[in-house]
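To start, the structure itself, in structure tokens.
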């Protein structure tokens, strides 16, 4: 994509947002970060941040928000 | 510009014998030489895949032997590559070839005619290998230098890739790619590089390289195209448009890995510029949001580099000329034409390099004005 296309994408606010589900495999960095296996992947994404309202536990099924190239865990699916 | 000999430089603007060749390679093994009748190599900064080629082989009694019977034949489009060259044969019989790219064969057209079998081969540079290998699951690009992070990303999709990246002194944050299945990893890599002010592409030797976007202050003029005796220009068009002109970049850095959101504004504050922010053109900002960077200094640098690429785009100069295959996109050249009132240095945006001796080189350029450090007018956090 050229710069024009790239900037137009951003100008038009075309950043992509997705919801994926995942499993918490670890809590790291003094429980401020998580490792999450997303959409059944065998490799976990590490260093993921989460909303303050969520108290993570390993093996939680969580809702992950992907915003363009970023990921945040919103909370546990109960 | 590809480095050439003094003899080549002396001969390129004068009458000379044009030579061109193409070779078929499988990985690092040369399989075949092809006899080119005509064709071209197109190079552009406006596509993520920078180089493409189309070559027509000489039609004679032997051409039919090259027609692929199955997917493993030499010119079948299943992995074999073309290396294309154009050059000069000097009066003493010596030759100097300029490489025009390494292309993965993507398409073969065979036509059976009265005069024989005609074969046209199309190819795209090696970025197509990365581009076709779409993300099959999420990929985590960990925090690190831009060059290390991009190397790891590209090797994930193209393990045999050869890279030659400079030390960028840019640290990029962790990001996640491939959340949307089927996304093109090469596009992702090019976007990441562009967002922080770098150009990512495969060069004429098939090596993946990264360079800062060109600015006239740091560049030297590599070729001169001046009207008058000895001119090599055959025609010139000039188009002045503000369709894609911005005179400000609002650069925002925010994301889960960014400690504090950052906002940078860079504007054209040169009172002598036609796109001066407070002139009659007015303020025309564009906006970039990324989670790649972490510091104001990095964001200022990236925003300034992006403004450099946009601020001069009010004017496009297109010309045809005698072919110099050593030219490349992003080369800085000097063009002078009295009729079109052109007398300036420009940057090449795209060009078509013909492989036959009758066709002209077609070049599109843009005018660029350099943004000074005093034009960073607002730095702060939101």
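Please give the direction-averaged projected area of the C-alpha convex hull for the stretch B:142-193, in square nanometres with one decimal.
Numbers: hull surface 14.4 nm².
Spelled out: convex hull of the Cα atoms, projected over all directions, averaged, 3.6 nm².
Order of B:222, A:24, B:142 from fewest to most other C-beta atoms within 10 Å?
B:142, B:222, A:24
Would you calculate, for chain B, the mean residue ellipticity at 222 nm contributed by helices, counting each DSSP H stretch of 4 or more residues as -39,500 (n - 2.57) and dividing by all residues, to the nearest 500?
-4000 deg cm²/dmol
Exposure proxy check: B:334, B:85 ranked by fewest other beta carbons within 10 Å? Numbers along the way, then the final one.
Values: B:334 15, B:85 21.
Going from sparsest to densest Cβ surroundings: B:334, B:85.
How far is the Cα center of the stretch A:31-70 from the Cα center of the stretch B:45-100, in Å?
One Cα centre to the other: 49 Å.
With r as the distance between the Cβ atoms of residue B:162 and residue B:343 and R0 = 35 Å, compute the FRET efficiency 1/(1 + (r/R0)^6) and round to 0.05.
E between residue B:343 and residue B:162, to the nearest 0.05, is 0.30.
Hey, any idea what Rg/Rh is for the stretch B:1-123, computing Rh the Kirkwood way over Cα pairs?
Rg/Rh for the stretch B:1-123 comes to 1.00.
P(r) tail for the stretch B:58-113, what percent of Cα pairs lie past 18 Å?
So the pairs more than 18 Å apart make up 53 percent of the total in the stretch B:58-113.
Normalised by the residues of the stretch B:1-68, what does the relative contact order come to in percent, with Cα pairs under 8 Å and at least six apart?
Across the stretch B:1-68, relative contact order equals 20 percent.
With a Cα-only, solvent-free Debye model of chain B, what are the log10 I(q)/I(0) values at q = 0.09, 0.15 Å⁻¹?
Calculated log10 I(q)/I(0) at the listed q: -0.61, -1.36.
Restricting the calculation to Cα positions, tell me the Rg (one decimal) and the Dmax (whole number) of the protein assembly as shown in Å.
Answer for the protein assembly as shown, Rg first and Dmax second: 25.1, 82 Å.
Residue B:241 to residue B:207: FRET efficiency via 1/(1 + (r/R0)^6), r the Cβ-Cβ distance, R0 56 Å, to the nearest 0.05?
0.95
Tell me, what is the Rg over Rh of the stretch B:8-57, with Rh the Kirkwood radius over Cα pairs?
Radius of gyration over Kirkwood radius for the stretch B:8-57 works out to 1.06.
What's the angle, to the nearest 10 degrees (0 to 90), between helix B:146-157's Cα axis and the longest principal axis of chain B?
50 degrees
Using alpha carbons only, how many degrees (0 to 90, rounded to 10) separate the axis of helix B:296-311 from the longest principal axis of chain B?
The helix B:296-311 is inclined about 50 degrees to chain B.
Where does helix B:185-195 land angle-wise versus the long Cα axis of chain B, in degrees 0 to 90, nearest 10?
For B:185-195 against chain B, the angle is about 50 degrees.
In what sequence do B:356, B:70 fall when counting other Cβ within 10 Å, fewest first?
Least crowded to most crowded, the residues run B:70, B:356.
Each reported figure results from applying straightforward, stated rules to the coordinates on display, with no laboratory input. Keep in mind the model is a prediction, meaning the values are calculated, not measured. Every residue, glycine as well, gets a Cβ built from its backbone with ideal geometry; the counts of neighbours run over all protein chains shown.
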